[in-house]
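Presented below is the structure to which this report refers.
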Amino acid sequence: MKFEKHDLAEGMKIPAAAMQLSGFGQHGRAEYYTMPDAVVVLKKNMNALEMIRAAWSLHELCAKLCSHLALCCCSEDCEACSEGGEICPYDALDFALELDIPDELRERAGIPAGVPVHAEFLDDGEFTISVNHDGPGLWDVPAPFMKGFLAAGVCPAALEKLLKGGEVVYGA
């Protein structure tokens, strides 16, 4: 179930009814995880079945969020794709690669840890690695997600437009 909290100025208290619906006991213990743009509350102690149900619930939520975003990225809204039926100018492979750059190389190149990088393939079999300095873009989408979005037919140009635009696409 989804509940809304409209003012977070004084923090957030989860109503007892919501905790009960989630299977938390009245005197149970909980732990929470802070992540970019999310907070997840889990039972402190879970048996195997409870852990599986929690993991599955998080998986289902992930699928719902990704589906919602995919529906916002219609190629019909993409100027590059809709003009005369042209093929999208984005090379999907460029944005679906996982690059694991060793810390030593990042440090020598001046690339901070955790900052997304992009590989551009050149004609002679070489490639360059660069850092995104233009704000949010396709480089910020984790490669496994990008692969899933591409497999689902998400238009990379439409997705990048949403990323760069910064408009609200959920809960608006």
Search result, residues across the stretch 162-171 that are under 14 Å from Gly137 (Cβ atoms) and either assigned to a loop (DSSP other than H, G, I, E, B) or not small (Gly, Ala, Ser) (or both):
Leu162, Leu163, Lys164, Gly166
For the stretch 124-161, give me each residue that is assigned to a loop (DSSP other than H, G, I, E, B), surrounded by 19 or more Cβ atoms within 10 Å (Cβ to Cβ) and either touching a residue at least 60 places away in the same chain (Cβ under 8 Å) or of a type in the set (S, T, N, Q) (or both).
Val154, Cys155
Across the stretch 27-50, what is the number of residues that are of a type in the set (S, T, N, Q) and either under 15 Å from Leu61 (Cβ atoms) or under 24 Å from the mean Cα position of the chain (by Cα) (or both)?
1
Select from the stretch 1-55 the residues that are small (Gly, Ala, Ser) and in a loop (DSSP other than H, G, I, E, B) and write down the one among them that is nearest to Val168 (Cα to Cα).
Ala9
Candidates Phe24, Phe3, filtered to the one that is over 30 Å from Ala151 (Cα atoms) and under 22 Å from the mean Cα position of the chain (by Cα)
Phe3
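Taken together, the values in this text are just the output of simple stated rules run on the coordinates, not laboratory data. Everything numeric in this text was worked out from a predicted model, so none of it was measured. All Cβ positions, even for glycine, are placed from backbone atoms using ideal geometry, and neighbour counts span all protein chains on display.
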